[in-house]
Amino acid sequence: MYKLFPVLKEMRHRRGGDLSGGQQQQLAIGRALVIEPRLLILDEPGEGIQPNIVAQIGEVIRRLIEEDGLTVLLVEQKLPFARKYADRGRRVAEGEISGLTDELIKKHLTV
């Protein structure tokens, strides 16, 4: 994980709660990757994080996909980030909350 997120090596003596928001996000991704998943689900990984850290996280996502062959499901509302780091995308619904019908929820949100 230190190769992906070198700043975490520098901060390894700190507790997770003492890290910045971007460092905490990097730590969360690193923790998930330790178990060598086949699928990594990221929900707005750059939300509330400074732009340079968002770019670093994006590059890690790209590396995981292209070099390691990991499948990443990226849930993202910031279109520029999604366009830059995702290779495919699909919007399943948009509109007023009144249009969020039980049928639509069942089709897209039910496991």
What lysines could a cross-link reach from Lys106, if we take a straight Cα to Cα line under 25 Å and drop same-chain neighbours fewer than 8 places away?
-> Lys78
Once the dipole of the chain is set up with Lys and Arg at +1 and Asp and Glu at -1 on Cβ about the Cα centre, which of Pro37, Phe5, Gly99 lies farthest towards its positive end?
-> Phe5
Find the eigenvalues of the gyration tensor of the Cα atoms of the chain, then list the square roots of 5 times those eigenvalues as equivalent ellipsoid semi-axes, largest first, in whole angstrom.
-> 29, 16, 14
Tilt of helix 51-66 relative to the longest C-alpha principal axis of the chain, in degrees (0 to 90, nearest 10)?
-> 80
Among Val54, Val92, Val75, which one moves the most in a GNM of the chain with springs linking Cα atoms closer than 10 Å?
-> Val92
Computed over the range 6-109, the relative contact order (Cα-Cα under 8 Å, seq sep at least six) in percent reads 22
Kindly write out, for the range 94-99 in residue order, the coupling ³J(HN,Hα) from the Karplus curve 6.51 cos²θ - 1.76 cosθ + 1.60 (θ = phi - 60°), rounded to whole Hz, with x marking Gly and Pro.
-> 7, x, 5, 4, 5, x
Signed unit charges on C-beta, dipole axis of the chain, positive-most listed residue Ile49, Leu70, Phe81 | Leu70
Placing +1 at every Lys and Arg Cβ and -1 at every Asp and Glu Cβ, with all other atoms neutral, what dipole size does the chain have around its Cα centre, in debye to the nearest 20?
-> 320
Around Lys3, with a cut-off of 13 angstrom between Cβ atoms, what is the net charge of the other residues, counting Lys and Arg +1 and Asp and Glu -1?
-> -1
Express in whole angstrom the spacing between the alpha-carbon centres of the range 94-109 and the range 20-84.
-> 27
Cut-off under 5 Å, modelled amide H: who pairs with Val72 long-range | Leu40
May I ask for the angle, rounded to the nearest 10°, between helix 21-34 and the longest principal axis of the chain, with both axes built from Cα atoms and the value confined to 0 to 90°?
-> 90
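Quick note: the coordinates plus some simple rules give every number you see, no bench work behind them. Remember, predicted model here, so these are calculated numbers, not experimental data. Glycine also receives a Cβ, built like all others from the backbone with ideal geometry; neighbour counts cover every protein chain displayed.
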